[in-house]
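The values are calculated or read from the model by the stated rules, or taken from the named source; none is laboratory data. The structure displayed is predicted, hence computed values, not measured ones. Methodologically, a virtual Cβ is constructed for each residue, glycine included, from the backbone with ideal geometry; neighbour enumeration extends over all protein chains shown. Please note that ligands, DNA and RNA were not included when accessible areas were found on the heavy atoms of the full protein model with its side chains. Shrake-Rupley method; radii C 1.70, N 1.55, O 1.52, S 1.80 Å.
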Amino acid sequence: MSEEQDFSKSQIDFLVYCMEMYKDKYLLSGAQVQELFSKSGADLYILKHFEALHTTGLEYILDDIHGFIEK
């Protein structure tokens, strides 16, 4: 994460969940996902949009993250 902010435990837990699910779906290692999320800013995207994202389904979340990374 490139920005210093205070995030709740729920937000951090959700980020870890998203990273684990993304890793499984795209058959990546944890280190690969961490690097990808960090370089693309997907980690901050997930944390900042936690309120909206955590209310949706897993497939939507993963597709949304993947779309963000692809841009």
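Numerical summary
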{"quantity": "Boolean, Ser29 is small (Gly, Ala, Ser) and either at pLDDT 95 or above or open to solvent by less than 50 Å² (accessible area, probe 1.4 Å) (or both)", "calculated": "yes"}
{"quantity": "Cβ-Cβ under 7 Å pairs, at least 6 apart or on other chains, the range 39-68 side surrounded by fewer than 15 Cβ atoms within 10 Å (Cβ to Cβ), far side in a helix (DSSP H, G or I)", "calculated": "Leu58/Met21"}
{"quantity": "Helices (runs of 4 or more DSSP H) wholly inside the chain that include at least 1 residues being over 12 Å from the mean Cα position of the chain (by Cα)", "calculated": "9-25, 30-40, 50-53, 58-70"}
